[in-house]
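Engineer: Please see the structure below; I have some questions.
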Amino acid sequence: MILVTGGTGFVGSYILYELSKNNSSIKSTFRKEKNIKKTREFFKIMDTSYPKLFNKIIWEKADLTDVYSLDEIYKGIDRIYHCAAFVSFAKRHKNLLMKTNVEGTANIVNLAIKYKIKKLLFISSIASIGVENYDDLVNEDQDWNNKINHTDYALSKYKSELEVWRGTQEGVPAVIVNPGFIIGSHFWSRSSGVLFKQIFKGLKFYPTGKVGAVSVDDVAKASIKLMNSKILNERFILVSKNLYYKELLDLISKVLNKTKPKIPLTKSILYIFYFIDNFLSFLKIKKSFMSIPLISTFLSCQEFDGNKIKKFIDFEYENIEGKIKEIGEGFLIK
């Protein structure tokens, strides 16, 4: 039986859908009942036979930071897709990021060791690679750079990966995937869905850096192919195309028939926002969001090499431009 943590999340829901099309026995963790309803609606949109597919899933309520709530779930499990994570770039969420992502992954790994899980696939992020403005294309061999400031989210994913690698040393084979910015449809209040909503309402500003983009379908399909392969103890960057934020936003604006953002978020503008954000936080008018590492992320023109996976399995990325068009058209009729 397969366990998917975070099955009500963006990537987790797509992985559950792909797995349900096979004759797989599946368990999935969730935290709130209302999120299961959202995943059910996603299945309904994706497939007319959704009740049959959705009902293959056994739902288990669990908190990844509560090892006792997880222990019972592991019985009968032999493979795990660990998708659950907390995503935030707000510096006030540092402790929550470390507890959910790092401690939660440590618990997943410890129980995988205890129950002798055959294989673990971890959905990480290119943020965990930890580089900024490296001269060459970044690949999987790049080391984490301790000399630069990282966002707390990046640090939490890096430390989570260390827990997974620890597990491989204690008998649990694993594969890690490092997706770039994931674009996909149906989840309009998460990830790229928020971006489509913002552009539809009217977005004036754009970061001047670059982003490595990949479709959520590619992340799900690559993950399942890697799980079903004999590949062990490797990690794979999943990036279909590197492009400037401006290019990405313009593509979305075009398909939504909205005005393209015209004001660049230069370094000086971002620092002005940073000081205003911190001042308002000091006055307790709003909670802080901006940080120096986040500014560096918006300005970085780093590119990522997503080709390693093609050398290990039969896999080709979707065309990003075509995918954005498809998502945008779906957004307009939702």
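Values in this text are rule-based calculations from the coordinates and carry no lab data. Everything numeric in this text was worked out from a predicted model, so none of it was measured. Here the Cβ is made from the backbone with ideal geometry for all residues, glycine too, and neighbour counts use every protein chain on show.
Engineer: Rounded to the nearest 500, what is the 222 nm mean residue ellipticity of the chain from helices alone, with -39500 (n - 2.57) per DSSP H run of 4+ residues and division by all residues? Let's see the in-between values first.
Structural biologist: Numbers: 14 runs with 146 residues, N = 334.
Taking each H run of at least 4 residues, the total per residue is -13000 deg cm²/dmol.
Engineer: A further question on this structure: Hey, got the Cα dimensions of the range 79-202 along the principal axes, in Å, largest first?
Structural biologist: The Cα atoms of the range 79-202 stretch 51, 36, 28 Å along the principal axes, largest first.
Engineer: Now, a different point. Counting alpha carbon pairs within less than 8 Å and at least 6 residues apart, what relative contact order, in whole percent, applies to the range 177-334?
Structural biologist: On the way: 228 pairs, mean separation 52.8, N = 158.
That works out to 33 percent.
Engineer: Against the longest principal axis of the chain, how steep is helix 152-169, in degrees 0 to 90 to the nearest 10, with axes from Cα atoms?
Structural biologist: The two axes meet at around 30 degrees.
Engineer: Between LEU96 and THR266, with labels modelled 7 Å along Cα→Cβ, what's the label distance in nm to one decimal, could you check?
Structural biologist: Between LEU96 and THR266, the label points sit 3.5 nm apart.
Engineer: With a cut-off of 8 Å between alpha carbons and a minimum separation of six or more residues, what is the relative contact order of the range 70-142 in percent? Let's see the in-between values first.
Structural biologist: Details: 41 pairs, mean separation 31.3, N = 73.
Relative CO of the range 70-142 lands at 43 percent.
Engineer: Moving on. What three numbers, in Å, describe the spread of the alpha carbons of the range 183-296 along their principal axes, ordered from the longest?
Structural biologist: Per principal axis, max minus min of the Cα coordinates gives 55, 36, 24 Å.
Engineer: So how tilted is helix 245-256 from the main axis of the chain? Cα-based, degrees 0 to 90, rounded to 10.
Structural biologist: 80 degrees
Engineer: Related question: Taking the chain as a Gaussian network, Cα atoms linked when under 10 Å apart, which of GLY76, GLY209, GLY180 shows the biggest mean-square fluctuation?
Structural biologist: Maximum among the listed residues: GLY76.
Engineer: Helix 216-228 against the longest principal axis of the chain: what's the angle in degrees, Cα atoms only, rounded to the nearest 10?
Structural biologist: 30 degrees
Engineer: Sticking with this one: Rounded to the nearest 0.05, what FRET efficiency do LEU280 and THR168 give with R0 = 45 Å and r taken as the Cβ-Cβ distance? Could you check? Could you put the intermediate results ahead of the total?
Structural biologist: Working: r = 45 Å, r/R0 = 1.00.
That gives a FRET efficiency of 0.50.
Engineer: With springs only between Cα atoms under 10 Å, which of LYS44, LYS225, LYS286 fluctuates most in a Gaussian network model of the chain?
Structural biologist: LYS286
Engineer: Starting from the exponent 0.38 and prefactor 2.2 Å, build the expected Rg for the chain from its residue count and divide its actual Cα Rg by it. Spell out each step's value before the answer.
Structural biologist: Numbers: Rg = 19.7 Å, N = 334, 2.2 N^0.38 = 20.0 Å.
Cα Rg divided by the expected 2.2 N^0.38 Å: 0.98.
Engineer: With a cut-off of 8 Å between alpha carbons and a minimum separation of six or more residues, what is the relative contact order of the chain in percent? Walk me through the intermediate numbers first.
Structural biologist: On the way: 605 pairs, mean separation 59.8, N = 334.
After rounding, I find 18 percent.
Engineer: With each label point set 7 Å from Cα along the Cα-Cβ vector, what nm distance links PHE86 and PHE205?
Structural biologist: 2.5 nm
Engineer: Over the Cα atoms, compute the radius of gyration (one decimal) and Dmax (the largest Cα-Cα distance, rounded to a whole number) for the range 155-236, in Å.
Structural biologist: Rg, Dmax (Cα atoms, Å): 16.5, 51.
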